[in-house]
Amino acid sequence: MSTLATTIEAILYLKGQPLDIGKLAELARCDREDVEEGLIELMDEYAHRDGALEIVETVDGYCLQLKERYRFLVDLLIPIDLGVGALRTLAAIALKGPISQTDLVELRGSGVYQHVPELVAQGFVRKRRQAEGRSSLVQVTDKFYQHFEIDQLPELRVKGAAPAPSAVPDDEEEEGEPEHSEED
C-alpha cells in the first residue's frame, strides 16, 4: 500500500467520522486527485482483506467503519449509557427531526438542554445553527441508524387522521394478530 493510502487510513481512523475529499486533501497535505487515487487504493485493499473493517462512502464523505456482520459487538462491548429521559429525547428527535431545539423543549421540557449535549457527545445527534433565528436544529446522525439498526423511520400520522391504506384487506388479517387502537 502506498504512503498516501496509509496516511488516509490513519486520518480516517483518528477522525472517526466521515470526511469529504477536500478535508482529506487538506489533512493529508496533497491535492484532491491524489486523495481520490489513494482512496481507491485503500478501498481496494480493504475489499480484498478478510478483516472486520471497511472503507465506505457516505453522504458526508468517506469513513472507516466496522463491517455490518460485526455490529453486534458494538452493543456487547460498548453499551449505550443514556438515561430514560435522554433516550426519549433521542426518540423525539428521530421521529420529528430535524427539529429546532426550541420546538424540542416545548415537546419534551427543559431537560432537553442537558440531553442534547449528551446525545451530541455520544454521536447520536448533530446540532447546527439555523440561518435565521436563534435556535439550533437537531437531527439524528448515521451512528443513530447504525447503532439501533434502523434503515428508516416510520411516517408519523396525526392522531385522529385516517390511517394509510393497508396492503392487506381487513378481512384477510392473520389470526392471532391483535388489532391496535390509536392509543397503542
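The values are calculated or read from the model by the stated rules, or taken from the named source; none is laboratory data. A quick note: this is a predicted structure, and the numbers were derived from the prediction, not measured. A quick note on method: Cβ atoms are made from the backbone with ideal geometry, for glycine too, and the neighbour counts reach across all protein chains shown. Side chains included, ligands, DNA and RNA excluded: accessible areas come from the protein's heavy atoms. Shrake-Rupley method; radii C 1.70, N 1.55, O 1.52, S 1.80 Å.
The table below gives the values:
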read-out	value
Criterion violated by Leu73 - all others in (1) within 15 Å of the chain's Cα centre (by Cα); (2) under 21 Å from Gln17 (Cα atoms) satisfied	(1)
Number of positions in region 46-80 that are of a type outside the set (Val, Ile, Thr), farther than 19 Å from Lys15 by Cβ and touching a residue at least 40 places away in the same chain (Cβ under 8 Å)	2
Residue in region 119-134 that is in contact (Cβ under 8 Å) with a residue 24 or more places away in the chain, open to solvent by 30 Å² or more (accessible area, probe 1.4 Å), on the phi < 0 side of the Ramachandran plot and in contact with a Ser or Thr (Cβ under 6 Å, 6 or more places away or on another chain) present	yes
Residues satisfying the stated conditions in region 12-34, i.e. open to solvent by less than 100 Å² (accessible area, probe 1.4 Å) and hydrophobic (A, V, I, L, M, F, W, C)	Leu12, Leu19, Ile21, Leu24, Ala25, Leu27, Ala28, Cys30
Enumeration of residues in region 86-107 that are farther than 17 Å from Phe144 by Cβ, open to solvent by less than 50 Å² (accessible area, probe 1.4 Å) and out of contact with any strand residue (DSSP E or B) (no Cβ under 7 Å at 6 or more places or on another chain)	Val105
Residue match in region 105-124 (condition: under 19 Å from the mean Cα position of the chain (by Cα) and of a type in the set (Ser, Thr, Tyr))	no
Single condition Thr89 does not satisfy, out of (1) at pLDDT 90 or above; (2) part of a strand (DSSP E or B)	(2)
